[in-house]
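The values are calculated or read from the model by the stated rules, or taken from the named source; none is laboratory data. The shown structure was predicted, so the numbers you read here are calculated from the model rather than taken from an experiment. For neighbour counting, all protein chains shown are included, and Cβ atoms are generated from backbone atoms with ideal geometry for every residue, glycine included. All accessible areas refer to the heavy atoms of the entire protein, side chains included, with ligands and DNA or RNA removed. Shrake-Rupley method; radii C 1.70, N 1.55, O 1.52, S 1.80 Å.
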Amino acid sequence: MSLSLVTGAAGAIGGHVARQLAAAGDTVIGIGHGVPVSDLPLAGWINGDITAENLGVLAARHGVPSRIVHLAGGSSVGPSLAAPLEDFTRTVGATVNLLEWVRLHAPDAALVLTSSAAVYGDAASVPIPDHATRAPVSPYGVHKGMMEAAAASWGANFGLRVAVVRLFSVYGPGLHKQLVWEVLNRLARGERTLSLGGTGAETRDWLHIADAARVLVAATAHVSALAPCFNGCTGTPLSVRDTVLALARGYGAVVELQFNGRNRPGDPVHLVGRPSTGLFATIAPEQGLADFAAHFAKGR
């Protein structure tokens, strides 16, 4: 039985990752902020920052992990624009602390870092391959890119076995952010005329949270000192207009859509990936969004 560490395990994606690792037979421990839900299969938990001290306490209690999935850090563009230094500390600082602890205490561990498609910025063409140049347009994307660069440095200089997964637009149970969550809550309030930013023609690559966790766990088999980067995506573009219509259909609502033509700062017009070899999503975006909306509606 292997010992796996999940940073940010109290979060929505982290919880899915912890459950998948436990289902595969691993003993799972976690660190991050918050209180994990009661049914999360964690053998140990520390509520705190990703520091050498806290990681050492976990190792002393449970042993040195052989697999680590790192999800702690900044989670979206908006907060990085409001508080860029905090986002830097949460993303870059925490990652460097983890890399250095692994170098000193768990050099043989398979380490997967969770990055974001925000590192690509407003890509010149889509779908975006995982070898595309980083060109972030928000502090969030810049900080994720810096995290990736640190991983490459620790791999090249110290032989750490790392892989980076750039998640695209994740949605699903437990995630309370982005367009999907906003639209579902507006539908729940009875809104049927939805005024939204942009033109509606912007495209996204919607990745179900269960697929996001599967890709992250699968990436533990692809680590190396080269710190390879992989896309966590479906490869299927869905316009904002069609996204909202799929949610409305699943919710059981008929809506009228209005767009103001203005995009939010830091948001690219098109963000669609090309799936990396061996790391494929299984849930088609349009049907997955409709199913999630139906689940949301039943839970109201």
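The table below lists the values:
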| read-out | value |
| --- | --- |
| Hits in the range 240-274 (condition: small (Gly, Ala, Ser) and either farther than 14 Å from Val180 by Cβ or in a loop (DSSP other than H, G, I, E, B) (or both)) | Gly252, Ala253, Gly261, Gly266, Gly273 |
| Matching residues, the range 97-148, being under 30 Å from Asp26 (Cα atoms), open to solvent by less than 50 Å² (accessible area, probe 1.4 Å), touching a Phe, Trp or Tyr at 6+ places or on another chain (Cβ under 9 Å) and part of a loop (DSSP other than H, G, I, E, B) | Asp130 |
| Number of the exception - Ala22 against (1) small (Gly, Ala, Ser); (2) farther than 18 Å from Ala212 by Cα; (3) in contact with a Pro (Cβ under 6 Å, 6 or more places away or on another chain) | (2) |
| Test: residue in the range 158-169 that is within 18 Å of the chain's Cα centre (by Cα), modelled with pLDDT of 95 or more and in a helix (DSSP H, G or I) | no |
| Subset of the range 281-296 that is surrounded by fewer than 16 Cβ atoms within 10 Å (Cβ to Cβ) and of a type in the set (A, V, I, L, M, F, W, C) - its residue that is nearest to Thr220 (Cα to Cα) | Ala284 |
| Residues located in the range 268-280, provided they are open to solvent by 30 Å² or more (accessible area, probe 1.4 Å) and of a type in the set (A, V, I, L, M, F, W, C) | Val269, Phe280 |
| Where a residue in the range 1-21 is in contact (Cβ under 8 Å) with a residue 12 or more places away in the chain and its partner, wherever it lies, is surrounded by fewer than 24 Cβ atoms within 10 Å (Cβ to Cβ) and among the acidic types (Asp, Glu), with Cβ under 6 Å and at least six apart | Ser2/Asp26; Ser4/Asp26 |
| Extreme residue, surrounded by the most Cβ atoms within 10 Å (Cβ to Cβ), among residues of the range 170-196 that are assigned to a loop (DSSP other than H, G, I, E, B) and at pLDDT below 95 | Leu175 |
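Every residue, every condition in (1) within 22 Å of Ser224 (Cα to Cα); (2) in contact with a Lys or Arg (Cβ under 8 Å, 6 or more places away or on another chain), yes or no:
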| position | (1), (2) |
| --- | --- |
| Pro36 | no, no |
| Trp45 | no, no |
| Thr91 | yes, yes |
| Leu104 | yes, no |
